[in-house]
1. Please go through (1) among the aliphatic types (A, V, I, L, M); (2) farther than 17 Å from PHE150 by Cβ; (3) buried (at least 16 other Cβ atoms within 10 Å of the Cβ) for LEU66 and return the number of the only condition it doesn't satisfy.
2. Quickly run through the range 77-109 and pick out the residues that are within 16 Å of LEU66 (Cβ to Cβ) and of a type in the set (S, T, N, Q).
3. For the range 67-90, state whether one or more residues are among the basic types (Lys, Arg), more than 18 Å from the chain's Cα centre (by Cα) and either closer than 19 Å to CYS27 by Cα or outside any helix (DSSP H, G or I) (or both).
4. With THR64, THR56, THR95 as the choices, which residue is polar (S, T, N, Q), under 12 Å from the mean Cα position of the chain (by Cα) and part of a loop (DSSP other than H, G, I, E, B)?
5. Could you check how many residues of the range 8-42 are closer than 18 Å to GLY136 by Cα, of a type outside the set (Phe, Trp, Tyr) and open to solvent by less than 80 Å² (accessible area, probe 1.4 Å)?
6. Against the conditions (1) farther than 23 Å from SER24 by Cα; (2) buried (at least 20 other Cβ atoms within 10 Å of the Cβ); (3) among the small types (Gly, Ala, Ser), where does GLY58 fall short? Just the number, please.
7. Restricting to the range 98-154, count the residues that are open to solvent by less than 60 Å² (accessible area, probe 1.4 Å) and either among the polar types (S, T, N, Q) or in a loop (DSSP other than H, G, I, E, B) (or both).
Amino acid sequence: MFAQLKSKFLELFLNPVFLACVFSWFCAQFIKTIINLCLRRIHSVGELFECLIWKTGGFPSSHTSLVTSLCTCIGFRNGVGSDIFMLSACLMMITIRDALGVRRANGIHAVKLNEIGKELNDKQVLNYKPIKAVLGHNPMEVVFGAILGFFIGLAFSTL
């Protein structure tokens, strides 16, 4: 039982599609972290690890990079006419649409709410605690995430 579970676990972590996805996500997060270090936006080791592992938004889009590498690998392995490729392409389109539209709009709304809340705090009308404002991605961040994901997926599919 344990040997079979270990075998399945290794099968997952040695799968080139899975490795391409994880590697593309990590590369995007690493680039994002280097940029934030250069721009002096990181002030502690905790912020460094948060940016490297968890931070959303910024350049390049790690979500877009991951789904683009997934789509690229599946296209190479199963063909662009396969049902699984179509599924991955739809997932990619939803993720990119979400990064550019829904998450961006939510972030803009959060910024405005924080501005209104600050005014109400200043006038002592309301005790407002600011909410986290993640602005999603602009088109260039998504384009570079897609390019990064495509080339990483291509590398994992052909090497």
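1. Unmet condition: (2).
2. Within the range 77-109, SER88, THR95 meet the criteria.
3. no
4. Working: THR64 fails: part of a loop (DSSP other than H, G, I, E, B); THR95 fails: part of a loop (DSSP other than H, G, I, E, B).
Just a single option satisfies the conditions, and that option is THR56.
5. Residues flagged as closer than 18 Å to GLY136 by Cα, of a type outside the set (Phe, Trp, Tyr) and open to solvent by less than 80 Å² (accessible area, probe 1.4 Å) within the range 8-42 amount to 7.
6. Status for GLY58: all satisfied but (1).
7. Of all residues in the range 98-154, those open to solvent by less than 60 Å² (accessible area, probe 1.4 Å) come to 98-99, 101, 103, 105, 107, 110-111, 114, 117, 120-121, 128, 133-134, 136-138, 141-142, 145-146, 148-149, 152-154.
Filter once more, keeping what is either among the polar types (S, T, N, Q) or in a loop (DSSP other than H, G, I, E, B) (or both): 114, 121, 128, 133-134, 136-138.
Count: 8.
Conditions (1) under 16 Å from the mean Cα position of the chain (by Cα); (2) touching a residue at least 40 places away in the same chain (Cβ under 8 Å), marked per residue:
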residue: MET1; (1), (2): no, no
residue: LYS6; (1), (2): no, no
residue: LEU14; (1), (2): no, no
residue: CYS21; (1), (2): yes, yes
residue: GLN29; (1), (2): yes, no
residue: THR33; (1), (2): yes, no
residue: GLU47; (1), (2): no, no
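The values are calculated or read from the model by the stated rules, or taken from the named source; none is laboratory data. Since we're looking at a predicted model, the values are computed, not measured. When we count neighbours, we look across all protein chains shown, and the Cβ atoms used for this are built from the backbone with ideal geometry, even at glycine. Just the protein is used for accessible areas: all its heavy atoms, side chains included, with ligands, DNA and RNA removed. Shrake-Rupley method; radii C 1.70, N 1.55, O 1.52, S 1.80 Å.
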